[in-house]
1. Counting residues that are open to solvent by 60 Å² or more (accessible area, probe 1.4 Å), more than 30 Å from A:A52 (Cα to Cα) and not β-branched (V, I, T), which helices (runs of 4 or more DSSP H) fully inside region A:143-261 reach at least 2?
2. Could you list, in sequence order, all residues of region B:174-195 that are within 16 Å of ligand 1 (Cβ to nearest atom), open to solvent by less than 10 Å² (accessible area, probe 1.4 Å) and either under 19 Å from B:S7 (Cβ atoms) or outside any strand (DSSP E or B) (or both)?
3. Restricting attention to region B:19-72, report how many residues are among the small types (G, A, S), away from ligand 1 (no atom under 15 Å from the Cβ) and touching a helix residue (DSSP H, G or I) at 6+ places or on another chain (Cβ under 6 Å).
4. Would you check which residues across region B:87-97 are more than 8 Å from chain A (Cβ to nearest Cβ) and crowded, with 18+ Cβ neighbours inside 10 Å and list them?
5. Residues to consider are B:L100, B:L52, B:L127, B:L77; find the one that is more than 21 Å from B:N163 (Cα to Cα), within 16 Å of ligand 2 (Cβ to nearest atom) and more than 19 Å from the chain's Cα centre (by Cα).
6. Those residues that are within 14 Å of another protein chain (Cβ to nearest Cβ) and either free of Cβ contacts under 8 Å to residues at least 12 places away in the same chain or more than 14 Å from B:V26 (Cβ to Cβ) (or both), I need them from region B:39-52; list them, please.
7. Given the conditions (1) open to solvent by less than 10 Å² (accessible area, probe 1.4 Å); (2) more than 14 Å from chain A (Cβ to nearest Cβ); (3) within 16 Å of ligand 2 (Cβ to nearest atom), which single one is not true for B:V26?
8. So for region A:68-79 (the condition being hydroxyl-bearing (S, T, Y), part of a helix (DSSP H, G or I) and more than 30 Å from the chain's Cα centre (by Cα)), does at least one residue qualify?
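The values are calculated or read from the model by the stated rules, or taken from the named source; none is laboratory data. What you are looking at is a predicted structure, and each value in this text was computed from that prediction instead of being measured. Every residue, glycine as well, gets a Cβ built from its backbone with ideal geometry; the counts of neighbours run over all protein chains shown. The accessibility values were calculated without ligands, DNA or RNA, using every heavy atom of the protein model including side chains. Shrake-Rupley method; radii C 1.70, N 1.55, O 1.52, S 1.80 Å.
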Amino acid sequence: MTDVSASTTAEIAREYRAERARRAKRAAVLKHIFLALTSLIMIYPLIWMLAASLKPDTQIFGDIGLWPGTFEWQNYAQGWNALPVSFTTFFWNSTVVTVLSVVGNVISCSFAAYAFARLEFSGKTIWFALMMMTLMIPYHVVLIPQYILFMNLGWVDTYLPLIVPKFLAGDAFFIFLMIQFFRQLPRELDEAAMIDGCSPFKIYWAIIMPLSLPAMATAAIFSFIWTWEDFLGPLVYLNDQADYTVPLALRSFISSDGVSQYGPMFAMSILSILPILLFFIVFQRLIIRGIAMSGLK
Amino acid sequence: MASVTLSEVRKAYSGFAVIHGIDLEVQSGEFLVLVGPSGCGKSTLLRMIAGLEEITDGTISIADRIVNDLPASQRNLSMVFQSYALYPHMSVRKNLAFGLSNLRMPKDEIQRRVADAARILQIEELLERKPRQLSGGQKQRVAIGRAIVREPQLFLFDEPLSNLDAELRVQMRVELAGLYNRLGTTMIYVTHDQTEAMTMATRIAVLNKGNLEQIGTPYELYNAPKNLFVASFIGSPKMNLLSGKATGNKIELPGFGALAFVGAAGEMTVGVRPEHLSIGEPDGRRAEGTVTLVEYLGSEVFIYVALIDGQTLLAQAPGNASYKRGDKVHLSFRGADAHFFDSKGLRIEAPR
Ligand SMILES: Nc1ncnc2c1ncn2[C@@H]1O[C@H](COP(=O)(O)OP(=O)(O)OP(=O)(O)O)[C@@H](O)[C@H]1O
Ligand SMILES: [Mg+2]
């Protein structure tokens, strides 16, 4: 008697588990279909561009299908040298400007953030408020005053207006991001380091910075993307085509002689995305490692 | 080894005073324990000695040198924090060596000291680990290791054992006491724990609301508390306090009757420690009451007795005593065991 009832209970439990597993599986399938569809919508323009970069000019806007009938690989070779100046130069220019900007932003913004988060100085709250206010001013508002300033300095037609401000902690967003991160680090670490004979700079260098790699990596990634993609800044300050960065060069495809070469342009556009992708893949690891390390207590 | 002298030390946070002028002298080689209720300013005081907190007023000297304006790193002291504050990104070895390499000490000397500390604290096999791979007790050892490698003249501890479980706390307490005997360095130790304070201290300083209430050996504090605050703060379980009225040559205690006492008049408080309250003995002053709660601890029993006037007293009896809730009992104590405090809460020595 007891045996029978025991076996039925076990059966009911098994049945119940199986039903639950089936339901979970259905939910998972639905979820994934939804996610796949959404991703497809997001990624479609990119796929379209990739396809266009491999099509002959005539097919790009005429043909509805994504799949190129013939693969025009020479779009890439042509595009690279289509302009009076080769893309080797443009990529080099972009690399110089971007790398220096990233370095400048990460160093200067983390210095400023460290000061706001940890040091005492007079007028701290006022300076902080001022800094936060710059977040609310659109770039386009300061564009003209800035241009006049740099013109008076004689910096127009050089990379200086694009690079030097990055070394002066000009980006309140990054500073704010880092302040928030630094504030989470226990102050006792600073104090232990102080007793261990660290100067404020050494505390920043040996304790705060190594523990803030995720914030640094985030700032570096955004800084890289924004500078690499920046069109307006180079457009305003760079006049000589040999100084152009990649986005400006891409634009030259359209304006150069009226006859636009769309295939090569899209080919170069595809290439212009690759550095961002690579940079992201490399630095995103730091973010993940940082999160794994954040079990501080 | 160094002495530490605080004179008229005050601290205010944006105008709000938290330490009200403390004079304190810590002798060289002494183990001074700072105790007091939460928020009384123990940590603040310790951090001022360490140089982590500005001193609003007064002077602090270490080894007869005024250190008010000396940065923490130059005071030749080590501090162990409650949260350990180990550098999470450094291995245990680096954690220990960090302070030494900042002093530009030669490499082999650093290695020797780290190895010594690791041996003393039995953390040799942990040296290559990161702090997150350590248990609480191991972290604690590393934190102490980081303090001793510097061979400072003064150790500061801010509730170093409070994050450990009870058993480990006892073990680390014994080890710390052993370490102190071995090094003989001056130590200032903040704790909440009565047992830690009583067992480890050469002297205990009792703080209350930013004032120093009393400083003395554990024996002095336990047997001759200067005032009501110290009397009820030191000792666990707490001293029983009975309020009475003194009239020239005796004190009238509700329940217990009159107690011969010369030398004071007016409102008085009489303190009796639980172990001095005996149950059921016929002699002495007796009060009748009802047992309301019995706490059995094995070696002893705590018995809560409600007197007729509603006041509840705590008596301690040997573990084999058998009382239960609702029992009618008689409480008594010897006059010599009682502590007397006047209406301001200050101790009055009973004439013997
Ligand atoms: N940075 C600060 N700003 C303002 N007030 C503070 C600051 N630090 C401490 N205080 C105040 O000073 C008083 C003493 O604090 P402290 O940390 O020294 O207490 P404590 O005795 O160590 O307490 P606990 O036993 O809970 O650690 C408290 O009332 C606290 O609110
Ligand atoms: Mg404290």
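1. Details: elements: A:160-163, A:172-184, A:187-195, A:200-203, A:213-229, A:232-237, A:246-255.
Once the helices (runs of 4 or more DSSP H) in region A:143-261 are filtered for at least 2 residues that are open to solvent by 60 Å² or more (accessible area, probe 1.4 Å), more than 30 Å from A:A52 (Cα to Cα) and not β-branched (V, I, T), what remains is A:172-184, A:187-195, A:200-203.
2. B:I188, B:T191
3. Result for region B:19-72: 2.
4. Filtering region B:87-97 down to residues more than 8 Å from chain A (Cβ to nearest Cβ) leaves B:90-97.
Hits for region B:87-97 are B:V92, B:R93, B:N95, B:L96, B:A97.
5. B:L52
6. So the first thing to find is which residues in region B:39-52 are within 14 Å of another protein chain (Cβ to nearest Cβ), and the list is B:43-44, B:46-52.
If the condition is that a residue be within 14 Å of another protein chain (Cβ to nearest Cβ) and either free of Cβ contacts under 8 Å to residues at least 12 places away in the same chain or more than 14 Å from B:V26 (Cβ to Cβ) (or both), then B:S43, B:T44, B:R47, B:G51, B:L52 are the ones that fit.
7. Every condition holds for B:V26 apart from (3).
8. Of the residues in region A:68-79, the ones hydroxyl-bearing (S, T, Y) are A:70, A:76.
So of that shortlist, the ones also part of a helix (DSSP H, G or I) come out as A:76.
This time we only want the ones that are more than 30 Å from the chain's Cα centre (by Cα), so: none.
Taking every residue of region A:68-79 in turn, none turns out to be hydroxyl-bearing (S, T, Y), part of a helix (DSSP H, G or I) and more than 30 Å from the chain's Cα centre (by Cα).
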